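K.L.:
Here it is, the structure, as structure tokens.
What follows is calculated from the coordinates using simple rules that are stated; it is not laboratory data. Remember, predicted model here, so these are calculated numbers, not experimental data. Note that we place each Cβ from the backbone using ideal geometry, even for glycine, and neighbour counts take in every protein chain shown.
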Amino acid sequence: MTETSGVAKTDNGGACTGAPWKDPSQKPFIELQSLSKRFGSFAAVDNISLKIYRGELFTILGGSGCGKSTLLRMLAGFEKPSAGRILIDGTDITETPPYDRPVNMMFQSYAVFPHMSVEQNVAYGLKKEKLPKGEIAQRVHEMLELVQLPDLARRKPNQLSGGQRQRVALARALIKRPKVLLLDEPLAALDKKLREQTQFELMNLQDQLGITFVVVTHDQEEAMTLATRIAVMEAGRFVQIGTPSEVYEFPHNRFIADFFGKINAFDATVIACDGETLTARLDNDDTQIRTRHAPPLEPGTRCVIGVRPEKLLISTQAPTQEGYTVTRGVVEDLAYYGNRSLYRVRSRSGQVIQVSAQNYQRSAELLLEWDDEVFLSWDSSCSVVLTQ
Amino acid sequence: MTMVVNPGKRDRLWRSFVIATPYLWLVLFFLVPFAIVLKISFADPTVAQPPFTPFFDWSAGAGHKILATLDNYRFLLEDQLYLVSYLKSIKIALISTVLCLLLGFPMAYAIALTPYPWRNLLLLLVILPFWTSFLLRVYAWMVMLGKQGLINNLLISIGLIDRPLQMLYTDGAVYLGIVYTYVPFMILPLYATLEKLDLDLHEAAADLGARPLHVFRDVTLPLAMPGIIAGCLLVFIPALGEFVIPALLGGLDSLMIGRTLYDEFFVNRDWPLASAVAVVLLLILILPIMLFQRLQRETDT
Amino acid sequence: MRRSSTFLYSMLCFGYAFLYIPILVLMVYSFNNARLATVWGGFSTRWYSALLENSQILDAALLSLEIALVSATVATGLGTLAALGLNRMGRYRGRTVFTGMIAAPLVMPEVITGLSLLLLFVSLQELTGWPGSRGANTITIAHITFSMAYVAVIVQSRLAAMDQSLEEAAMDLGGRPYAVTLDITLPLIAPAMAAGWLLSFTLSLDDLVIASFTSGAGASTLPMVIFSKVKLGVTPEINALATIIIGIVTVGVVIAGWTMLRQQRQLANQQAR
């Protein structure tokens, strides 16, 4: 299918392999330099710098009003930055109007032109390039094949389903062979079932065409499954940039940790820190926590240590594993989900700790009940020090 | 919309064309004429053509300086005729507005309660008169109200009266004409707000023990307030300056200000005085107009 | 609740009777053979024949149609540009004044609009020699000025309701601003422009006051002729004229309403499929 697709592959071809962001010799494909956008005294985007590499599927994640849409609109050229520069493939496009940028966008509302047929919608961009009619027809045909809409070429948008409209919007943007495709909440308007399917189609398409995607979304699940890297945005700034597993496993702070699922956070005081392992004592409790992922902190410093619920082991007998942190508590609440169970355990310090346990055995020998005394334990590599 | 990042020269030209063409038209044919009215209202009338003294003397060597006089405005205050005209216009416009509301509200409410597709038909019937000649609709009342008109004939034939009543050329006929002409302006905004009004609210209020009249007072009326204000302004503003209705249906003494201005201009040919009358009329209208525009902005956002 | 709805519906019936009985009476009397309304002199179309022979009325009708066609067309163009200028061009100096100027003609008493425009034409004449004589040209300009305000308001509300990302998408795909306006915006606001044109056309045909002010000695529009006749009392020829005009308008509105309803149904059917 790639052979007949009208979209040229970029030189590098395919999605990025490895991790170009870790390789200092790699040249960034999109570069934002101290980019800001202020509306009056309010900074929607506040001095952001970012490097995105060729073939990445880069996701900007944040709640509403965090500035992610403004950032995307600056990339597309609909908003003029108050300060800073935007470079794509080494060219400064800060001053380039949207119609001259090598960037196309898929809008959240899809913005399919209601008065044009599917065919005319997809052809619009090429017509504006004043390409010969024959070539336009050829490329439109190929593009409609690629997004699996060849039979609907003459339909009007009001005769299409939501998913079909999304494909038209995608085809219309891709046919321009952009260097970068911007996607504004690409899946938000689809129902849940269609969303999962479309998600994989998008990833395949990106893989095939090798176009760099920048996706804006408020949905962390969408971001996790789609992205090569995620930038978490809050109040106009990036609070963390990393691969999905990095932001999940090693969130920089409480906000990010809470954003991606649940986390148990323990207030503690540092006892020792030897560079690799940090030991801390929980407040109101003499349990010592050891964690391997920590910035160097002086003994006596207050810190927050986070452990995800699925990293905890729950047992009625004291665990024997080496290097595990162990604390005790009473089962206060439990919920059975079939594949797993969720426990809420009150520790001796009074804190409620959440535990998610896989039910890997049928009628597990460990049948916990309310008010059971339990041991909670986790490996020191599973906890992380949160800065806030 | 979008502030396009650095448009090219052609694009800037297009933008200037879109903005400047209607802008210049309005400056030339709306703003400047206004300034001229203001200017002439401070001039003296003469028997020349045009019949007013110039502000500046264009002809060379006449040795005129800037001539401005407040005489016209002073005259407006001194001559009872104008004060009476203004007050009478305000009175007629106010009373007609209330009458429109009394007729328009139940109509709008009944339309909003009617199910589709009948509702569309009823609305169409309200709008239809808009598209037919206003002048001819006012004229139709001359046929109805005249000494030998339909109503007098009817009343005589059923024996209620022996001699025809004087209905045409009275203030009553003017009220009737204004209500008749402007009641659609009242119905439409009222309908627009009443339509959006959730009828469940009524049931909720009734459920809580409110009697129909109380439901109306406590729920319907407050929620319909924006529509009531918009409708009242839409009737009051044009009614105040109305010319055709008093001219055709009103008596010789029913001097509404629009008619006074018209006569001052065409009959007495006192252009400066007519201008002064216009300026004062506009001053009276500024408050309701600003209120209306604020209301519009609020509904826009 | 039942008592109150009885009241509401009787008011509704009364209201429609109030709105339509005078018109119906007028139409019936247009076929009255007698000159006076007192007696029904039998059915006749004599006033229609008299109307067709009245060259003053016919000339005025033609002049009015001409003015209405030209002014509605120009007003639709200018009003649409104004709406675009207010809604799609971002910020610029004088925008607030512009907003005010566009809305003002809607609420301006006709006598003031007429008076001010006449004074403008007189002053212009003194200064530049143009317009040489007042008539169709000056009436047309006056009608354009107040009609464009109506067009601007109608088109603006359509623009405000329109999804702006449609235009952004077109620009994103390489359409320059003027191309985006032509390719996307205009086709989508065309119904609003058509409505604006129709309204302008009707307003122009209907206007008496502004035309009286801005016209010169020679030119009389249809409303001016009607006014001069009916000022003196009931005129059977005018009854006939009214019947014709109301007939045309009713047929037009019914056809327009019917097509709109059919389009809506088609759209609903398509979406249901």
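K.L.:
Quick check, is C:Ala152 within 21 Å of B:Ile289 (Cα to Cα) and either free of Cβ contacts under 8 Å to residues at least 12 places away in the same chain or part of a helix (DSSP H, G or I) (or both)?
P.N.:
Details: within 21 Å of B:Ile289 (Cα to Cα): yes; either free of Cβ contacts under 8 Å to residues at least 12 places away in the same chain or part of a helix (DSSP H, G or I) (or both): yes.
When the stated conditions are applied, C:Ala152 passes them.
K.L.:
Give me the helices (runs of 4 or more DSSP H) completely within region C:4-111, filtered to those with at least 2 residues that are without any contact (Cβ under 8 Å) to a residue 60 or more places away in the chain and within 7 Å of another protein chain (Cβ to nearest Cβ), ordered by residue number.
P.N.:
Output list reads C:55-87, C:95-107.
K.L.:
Further question on the same structure: If you check every pair at least six apart or on different chains, which have Cβ atoms under 6 Å apart with a residue in region B:75-99 that is touching a residue at least 24 places away in the same chain (Cβ under 8 Å) first and a residue that is part of a helix (DSSP H, G or I) and of a type outside the set (A, V, I, L, M) second?
P.N.:
Within 6 Å, the pairs are B:Leu76/B:Tyr82; B:Ser85/B:Thr260; B:Ala93/B:Phe236; B:Ser96/B:Tyr175; B:Thr97/B:Cys232; B:Thr97/B:Phe236.
K.L.:
I'd like the full set of residues that are under 27 Å from A:Phe260 (Cα atoms) and not basic (Lys, Arg), limited to region A:310-322.
P.N.:
Residues of region A:310-322 under 27 Å from A:Phe260 (Cα atoms): A:310-315.
Passing the criteria: A:Glu310, A:Leu312, A:Leu313, A:Ile314, A:Ser315.
K.L.:
Take B:Ala110 and tell me if it is small (Gly, Ala, Ser), within 9 Å of chain C (Cβ to nearest Cβ) and more than 24 Å from C:Ile246 (Cβ to Cβ).
P.N.:
Numbers: small (Gly, Ala, Ser): yes; within 9 Å of chain C (Cβ to nearest Cβ): yes; more than 24 Å from C:Ile246 (Cβ to Cβ): yes.
Taking the combined requirement at face value, the residue satisfies it.
K.L.:
Does B:Thr69 qualify as being among the hydroxyl-bearing types (Ser, Thr, Tyr), outside any helix (DSSP H, G or I) and either surrounded by fewer than 16 Cβ atoms within 10 Å (Cβ to Cβ) or in contact (Cβ under 8 Å) with a residue 24 or more places away in the chain (or both)?
P.N.:
Working: among the hydroxyl-bearing types (Ser, Thr, Tyr): yes; outside any helix (DSSP H, G or I): yes; either surrounded by fewer than 16 Cβ atoms within 10 Å (Cβ to Cβ) or in contact (Cβ under 8 Å) with a residue 24 or more places away in the chain (or both): yes.
Answer is yes for this residue.
One line per residue, one yes/no per condition, for (1) within 30 Å of A:Ser36 (Cβ to Cβ); (2) among the basic types (Lys, Arg); (3) assigned to a helix (DSSP H, G or I):
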| residue | (1), (2), (3) |
| --- | --- |
| A:Val140 | no, no, yes |
| A:Arg154 | no, yes, no |
| A:Gln166 | no, no, yes |
| A:Lys176 | yes, yes, no |
| A:Ala188 | yes, no, no |
| A:Asn204 | no, no, yes |
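K.L.:
So which strands (runs of 3 or more DSSP E) stay within region A:11-121 end to end and still have 1 or more residues that are without any contact (Cβ under 8 Å) to a residue 60 or more places away in the chain and farther than 22 Å from A:Leu174 by Cα?
P.N.:
Qualifying strands (runs of 3 or more DSSP E): A:30-39, A:42-52, A:83-88.
K.L.:
Can you tell me which residues in region B:14-30 are among the polar types (S, T, N, Q) and more than 8 Å from chain C (Cβ to nearest Cβ)? Can you show your working first?
P.N.:
Kept after step one, since they are among the polar types (S, T, N, Q), are these residues of region B:14-30: B:16, B:21.
The one that is among the polar types (S, T, N, Q) and more than 8 Å from chain C (Cβ to nearest Cβ): B:Ser16.
K.L.:
Of all the helices (runs of 4 or more DSSP H) wholly in region C:184-273, which have at least 1 residues that are closer than 20 Å to C:Glu53 by Cα and out of contact with any strand residue (DSSP E or B) (no Cβ under 6 Å at 6 or more places or on another chain)?
P.N.:
Details: elements: C:186-206, C:209-214, C:222-230, C:236-272.
Where helices (runs of 4 or more DSSP H) fall fully within region C:184-273 and carry at least 1 residues being closer than 20 Å to C:Glu53 by Cα and out of contact with any strand residue (DSSP E or B) (no Cβ under 6 Å at 6 or more places or on another chain), they are C:222-230, C:236-272.
K.L.:
While we're looking at this one, here's another question. Output yes when any residue across region B:152-167 is small (Gly, Ala, Ser), part of a loop (DSSP other than H, G, I, E, B) and more than 10 Å from chain C (Cβ to nearest Cβ), and no when none is. Walk me through how you get there before you give the answer.
P.N.:
So in region B:152-167, the residues small (Gly, Ala, Ser) come out as B:157, B:159.
Going one step further and asking which of them are part of a loop (DSSP other than H, G, I, E, B), we end up with B:159.
Next cut, more than 10 Å from chain C (Cβ to nearest Cβ) only: B:159.
Yes, region B:152-167 contains a residue that is small (Gly, Ala, Ser), part of a loop (DSSP other than H, G, I, E, B) and more than 10 Å from chain C (Cβ to nearest Cβ).
K.L.:
Can you report the number of residues in region B:20-45 which are in contact with a helix residue (DSSP H, G or I) (Cβ under 7 Å, 6 or more places away or on another chain) and free of Cβ contacts under 8 Å to residues at least 12 places away in the same chain?
P.N.:
Matching residues across region B:20-45 total 12.
K.L.:
Continuing with this model, one more query. Going through A:Glu332, A:Glu276, A:Glu322 one at a time, which residue ends up being free of Cβ contacts under 8 Å to residues at least 60 places away in the same chain, on the phi < 0 side of the Ramachandran plot and assigned to a strand (DSSP E or B)? Talk me through it step by step, then tell me what you get.
P.N.:
Numbers: A:Glu276 fails: assigned to a strand (DSSP E or B); A:Glu322 fails: assigned to a strand (DSSP E or B).
Only one candidate qualifies: A:Glu332.
K.L.:
Pick from C:Ser116, C:Ser123, C:Ser133, C:Ser64: which is surrounded by fewer than 17 Cβ atoms within 10 Å (Cβ to Cβ) and either in contact with a helix residue (DSSP H, G or I) (Cβ under 7 Å, 6 or more places away or on another chain) or not charged (D, E, K, R) (or both)? Give the steps one after another, and end with the answer.
P.N.:
Working: C:Ser116 fails: surrounded by fewer than 17 Cβ atoms within 10 Å (Cβ to Cβ); C:Ser123 fails: surrounded by fewer than 17 Cβ atoms within 10 Å (Cβ to Cβ); C:Ser64 fails: surrounded by fewer than 17 Cβ atoms within 10 Å (Cβ to Cβ).
Going through C:Ser116, C:Ser123, C:Ser133, C:Ser64 in turn, the sole match is C:Ser133.
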